[in-house]
Each structure stands twice: as structure tokens, then as C-alpha cells.
């Protein structure tokens, strides 16, 4: 799962998590000083960090909210 949240007036965070039952285990996150969305580059860095942890034959379904569906 991927999601983005406002930390404070000047910072945003993007988190990539693994769903385990009813819980989310956060595996990677990036925080950035920005007045708007964190941007695709930071999201991609977090996704690549998690992808490096997975076995080559892992089947992945990436889930995010509507906000994450915007084009880069």
C-alpha cells in the first residue's frame, strides 16, 4: 500500500506498507519539505526500496488512494 500524508505546514510524507491481516507494516517512507504533494520521484524511491526487499517471484498488487492516482 502507498499513501501520502501532511506532516505539518511545510512537510509531506509518502509511506509504502505491507498489509498483514488487518495491519499495515511500514517498510519505507520519504519525507520532504514541500508546500504541495510530495511528488512522484519521492514515491518512486520508496517503492524501489521496498521492491529490493521482495523475492524475484513475488506477486505484488500496489494499492493507493485516489490522490496517488494522479499522473507524474
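Please treat every number below as a calculation from the coordinates, not as lab data. Keep in mind it's a predicted model, so treat the numbers as computed, not measured. Cβ: placed from backbone, ideal geometry, glycine included. Neighbour counts: every protein chain shown.
Ordering of 35-42, 50-57 by packing is 35-42, 50-57, highest average first (other Cβ atoms within 10 Å, averaged per residue). Summed over qualifying helices (DSSP H, 4 residues or more, each -39500 (n - 2.57)) and divided by its residue number, the chain shows a 222 nm mean residue ellipticity of -5000 deg cm²/dmol. Most simply put, the stretch 1-68 has about 95% antiparallel DSSP beta bridges, counting only bridges with both residues inside it. The computed P(r) over Cα pairs in 10 Å bins from 0, in percent for the structure shown corresponds, within (i) 19, 52, 25, 4, 0; (ii) 18, 40, 26, 14, 3; (iii) 20, 49, 24, 7, 0, to (i). Taking the C-alpha atoms only, the angle from helix 40-51 to the longest principal axis of the chain is near 20 degrees.
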